[in-house]
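Values in this text are rule-based calculations from the coordinates and carry no lab data. Note that the structure is predicted; figures quoted are calculated from it, not measured. No Cβ is skipped: glycine too gets one built from the backbone with ideal geometry, and neighbour counts run over all protein chains shown.
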Amino acid sequence: MVSRVIPVDPFDLVIFGATGDLARRKILPGLYRRFLDGQMPPEARVIGAARSAMETPAFREEVRAAIDEFVAPARQDATRIAEFLDRLHYVPIDAKGDTGWPELAAQMRPGHVQAFYFSVAPSLFGALAERLHRHGIAGSEARIVVEKPFGRDLATAQDLNRTLAAHFEERQIYRIDHYLGKETVQNLMAVRFANILFEPLWNAQFVDHVQITVAETVGVDGRGAYYDTSGAMRDMVQNHLMQLLCLIAMEPPYCFEPDAVRDEKLKVIRALDPVDPGDIVRGQYRGTGPDDGYLDHAGNPDSRTESYVALKVHVSNWRWKGTPFYLRTGKRLRARTSEIAVVFKEPPHSIFGEAERWRENVLAIRLQPNEGMNMTVMIKEPGPGGMRLTEVPLDMSFAEALGESGTDIPDAYERLIMDVIRGNQTLFMRGDEVEAAWAWTDPVIAAWESRGDRPKPYDAGSSGPEDALMLLHRDGRRWREIRA
Ligand code: BG6
């Protein structure tokens, strides 16, 4: 099956912070891949803007090096790279001063879609937004793209929203949560709302519980100082895991339009119960060698920041009352794996007798690696010997099922940037969603901070702190294994 690539309208994409890590690793290599697939029209231009005094040719060389490092060798083609680099321009700019702005204005082409990617610290958002207007650069249809961290609590998120709203309308603001750009995350919506099969069972009557796991093998090395001011709750739960929870728990939107989808997600966030302090486990990894533990990486021997968090969450509405959602995420765990598992209840009555223990039906949606879905069902064990039951997986790997188009899945950033150019906000967070997520997160964090709780240590390479196992055990349940 060959995927369809639909070119977008001609655009000028300005990347503020174009020499930074995100631009080098994700944004620019992603744009090259979109170019290679024919999605960038010939007139499209990418304008890098950053503090460094540099000319366009030097910027192009930096981008060439980034492509070399972050694009798979099979997709590197010298001629095509050169053609892509021709579309890149660079303007040295002072975000808080006036240098560079007239030059940037001169780069913009009339009639092009205008997009401004703020790949910079949130403290610069206001200065950039204000100058884009003062210098007459951003038109009324211009779009701005902002990245997390979108605040560190409700008050700072509200401040940021106000700052942006002073210069741009909500329809112009694209808040990226890159989890929403992941193929399987969108597939969640397809699975739920394009099949009759699941939706009738998708409620507390049939679903025993849901597990959402985002496990990473990487530590916080290299970004310890920043991470230590954040922790897993702010870094992952408030945004990525919350978005996954919303997509699993939301009601069917009346159509696949940005606000229809985002209205339903917002209702889920608002329906979240406050979390009981006994339903939270925080952890901090111990190293496997000297200078390799969280405390070494954070550069703070007394840090109480969590690199792991597991929690039980309740969505208080008719659909979900009584079905817990267990969320966990952590660094330096046994394997890199992200999945959502919907664990169904037992059938009301077993006709096969007590000896034939029923095992639960589980629909597992794998986000990474090996995107796909797996459903465990009970069948008769083959052969003579009476009716014995066994559990088998109905396994669908997207790579196997879809062939080439299942393996060549665009990176989340590529898809999201193209959505910005198309003007489609469905996969971006609305301001009220972000604020509602913080309003739920803030008291959880405040509670453990006021108690001065220390996170529980766990070994790097393990599946997290022991107490996290207890969180499910005491409910008569168990976590799914963390494995690649
Ligand atoms: C980022 C977090 O938003 O997501 C990182 O700040 C985390 O700490 C990353 O490692 C995980 O993203 P992915 O796409 O690798 O699962």
Once normalised by the length of segment 202-300, the mean sequence separation of its alpha carbon contacts under 8 Å that are 6 or more apart gives a contact order in percent of 34 percent
Inter-centroid distance (Cα atoms) of segment 265-279 relative to segment 140-189, Å
21 Å
Estimated [θ] at 222 nm from DSSP helical runs (n ≥ 4, -39500 (n - 2.57)) normalised by residues in the chain, nearest 500
-9000 deg cm²/dmol
Dimensions of the chain along principal axes (Cα, Å, largest first)?
79, 54, 46
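Under the rule a/c < 1.5 gives rounded, and otherwise a/b versus b/c splits prolate from oblate, where does segment 147-226 land using the Cα gyration tensor?
Details: a/c = 2.36, a/b = 1.48, b/c = 1.60.
Since a/c reaches 1.5 but b/c is at least a/b, the shape of segment 147-226 is classed as oblate.
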Roughly how many debye, to the nearest 20, is the charge dipole of the chain about its Cα centre, given +1 on each Lys and Arg Cβ, -1 on each Asp and Glu Cβ, and no other charges?
380 debye
Burial-style ranking of 283-290, 14-21, average other-beta-carbon count within 10 Å with highest first, yields 14-21, 283-290
Could you give me the ³J(HN,Hα) list for segment 419-430, computed from phi with Karplus coefficients 6.51, -1.76, 1.60 and θ = phi - 60°, whole Hz, x at Gly and Pro?
5, 4, 5, 6, x, 10, 8, 3, 9, 10, 7, 7
So, relative contact order of segment 19-89 in percent, Cα under 8 Å, 6 or more apart, is 49 percent
Cβ-defined net charge surrounding Ile445, 9 Å radius [Lys, Arg +1; Asp, Glu -1]
-2
Along the Cα→Cβ direction, 7 angstrom out, place labels at Tyr254 and Asp395. What is the inter-label distance in nm?
4.3 nm
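What number, in percent, do you get for the relative contact order of the chain if the mean sequence gap of Cα pairs under 8 Å and at least 6 apart is divided by its residue count?
Details: 863 pairs, mean separation 86.2, N = 484.
Relative contact order, the chain: 18 percent.
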Spelling out what I want: for every residue of segment 182-196, take phi, set θ = phi - 60°, compute 6.51 cos²θ - 1.76 cosθ + 1.60 (Karplus), and round to whole Hz; glycine and proline get x.
6, 3, 5, 5, 5, 5, 3, 5, 5, 4, 5, 10, 10, 10, 7
Peptides 103-109, 347-353, 124-130: what's the order by average Cβ count within 10 Å, highest mean first?
124-130, 103-109, 347-353
Is segment 1-91 rounded, prolate or oblate when judged by the Cα gyration tensor, a ≥ b ≥ c being the square roots of its eigenvalues, rounded requiring a/c under 1.5 and prolate requiring a/b larger than b/c?
prolate
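Calculate, for Asn370 and Glu130, the FRET efficiency according to 1/(1 + (r/R0)^6) with r their C-beta to C-beta distance and R0 30 Å; round to the nearest 0.05.
Once rounded, the FRET efficiency stands at 0.10.
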Acute angle (nearest 10 degrees) that the helix 56-70 long axis makes with the longest principal axis of the chain, alpha-carbon atoms
20 degrees
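How would segment 362-484 be classified by its alpha-carbon gyration tensor: rounded, prolate or oblate, with rounded meaning a/c under 1.5 and the a/b versus b/c comparison settling the rest?
It comes out oblate by the Cα gyration axes.
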Please rank Ser307, Ser462, Ser52, fewest neighbouring Cβ atoms within 10 Å first, as an exposure proxy.
Ser52, Ser462, Ser307
I need Cys246, Cys255 ordered by Cβ neighbour count within 10 Å, fewest first.
Cys255, Cys246
Point-to-point label distance, Lys321-Thr156, nm (Cα→Cβ direction, 7 Å offset):
3.8 nm
Long-range amide H partners of Gly48 with built H, under 5 Å:
Ile15, His89, Tyr90, Val91
Neighbour-count ranking [beta-carbon atoms within 10 angstrom, fewest first] of Trp438, Trp318, Trp448:
Trp318, Trp448, Trp438
Given the chain, what count of lysine pairs have C-alpha atoms under 15 Å apart, with each pair 8 or more places apart or on different chains?
6
Between Tyr285 and residues 5 or more places away or on another chain, which pairs have amide H atoms under 5 Å apart, with H built 1.01 Å from N, and which residues are they?
Tyr294, Ser307, Tyr458
Karplus couplings for segment 323-329 from phi (6.51 cos²θ - 1.76 cosθ + 1.60, θ = phi - 60°), rounded to Hz, Gly and Pro as x?
9, x, 10, 9, 10, 8, 7
Please list 192-198, 321-327 highest first by mean number of surrounding beta-carbon atoms within 10 Å per residue.
321-327, 192-198
